[in-house]
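Working notes, beginning with the structure itself.
All of the numbers you see were taken from the coordinates with simple rules; none came from a lab. This one's a predicted model, so the numbers in the text were calculated from it and none came from an experiment. Counting neighbours? That spans all protein chains shown, and the Cβs are built from the backbone with ideal geometry, glycine included.
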Amino acid sequence: MTAFEHISALLSFVYALALTHLLSRAGELIIARKRVTFSGLTTLGMVNAGLLVVFNWIDIWNLRSVAAWDIASISIQLALVTSIYLACVLISPKPSEEGLLDMESFFWKQRIYFYAALVSVLVLSMLANLDFLKSADVGRFLQENSYTLIFFVPTVAALVFSSRAVQWLAGLGFAAGCIGFAIVFDASLR
């Protein structure tokens, strides 16, 4: 087993937990739908968290040429995937066995925490991209970090401005950014 395989196995496990959390909560919301007031903003946040999980997991493949993994690199990668997991937890409401769940109210209570978690994801992503400097594709460090900087615009806007319109624009912008990132950087794995 290579160092990359060993590290990516651990990271993949946490990514799988994050995706499982999102899917479990989505299933619980569907089952409890008669007691749940739907929110497009919460749903968009959950979709964005899911995109973040899947596309970041796919992107670790690009680090396979890194021969040596030091404790700093491992720690940053683990902190990144942990912050993605926390973002998934923060945006995914859990319906109680009884009583109503207002997903819209949940969104507004969690908004600042969710977007703060996304800011930490972006900062940690930029630090984690330092590993590209040890890979066969050194130029990817600057490419991915330049693209990641764009994500700060909708994320910080959603964190700072509580306008409903800003929340929608930020959420849709974040989703478009995630999809664009996957197309630009990970359209095919080689």
Given a Förster distance of 22 Å, report the FRET efficiency between GLU28 and TRP108 from their Cβ-Cβ distance, rounded to the nearest 0.05. 0.60
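Using just the helices of the chain, give the 222 nm mean residue ellipticity in deg cm²/dmol: DSSP H runs with n ≥ 4 each add -39,500 (n - 2.57), and the total is spread over all residues, rounded to 500.
Details: 6 runs with 141 residues, N = 190.
Helices in the chain give a 222 nm mean residue ellipticity of -26000 deg cm²/dmol.
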Using DSSP to call loops (not H, G, I, E or B), can you name the GluC sites (Glu not before Pro) in the range 78-184 whose Cβ has at most 13 other Cβ atoms within 10 angstrom? GLU97, GLU98
So what's the projected area for the range 3-186, the Cα convex hull averaged over all directions, in nm²? 10.1
Under 16 Å from a point 7 Å along the Cα-to-Cβ line of SER75: which residues of the range 116-134 have their amide N that close? 124-125, 127-131
Cα-based reach from LYS94 at 16 Å (exclusive), listing aspartates and glutamates while leaving out same-chain residues under 8 positions away: GLU28, ASP102, GLU104
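Taking the range 50-153, how much of its Cα-Cα pair set, in percent, is spaced more than 19 angstrom apart? Working shown, then result.
Numbers: 2654 of 5356 pairs.
Looking at the range 50-153, the distances longer than 19 Å represent 50 percent of pairs.
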Expected vector for the range 161-170, Karplus 3J(HN,Hα) from phi with 6.51, -1.76, 1.60 and θ = phi - 60°, integer Hz, x for Gly and Pro, equals 9, 8, 4, 4, 4, 5, 4, 5, 4, 5
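Which ordering of MET1, MET46 is given by a fewest-first count of other beta-carbon atoms within 10 Å? Write down the numbers at each step before the final one.
Details: MET1 6, MET46 23.
If I rank by nearby Cβ atoms, fewest first, I get MET1, MET46.
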Reduced to Cα centres, the span from the range 140-190 to the range 22-78 in Å works out to 14
Hey, what do the phi angles of the range 45-58 turn into as Karplus ³J(HN,Hα) couplings, whole Hz, using 6.51/-1.76/1.60 and θ = phi - 60°, x for Gly and Pro? x, 5, 4, 4, 4, x, 4, 4, 4, 5, 6, 6, 5, 4
Eligible aspartates and glutamates near LYS134 by straight Cα distance, threshold 15 Å, same-chain separation 8 or greater: ASP70, GLU144
Considering amide H positions built from the backbone, and no H for Pro or chain starts, which residues 5 or more places from THR37, or on another chain, come under 5 Å of its amide H? LEU101, ASP102, MET103
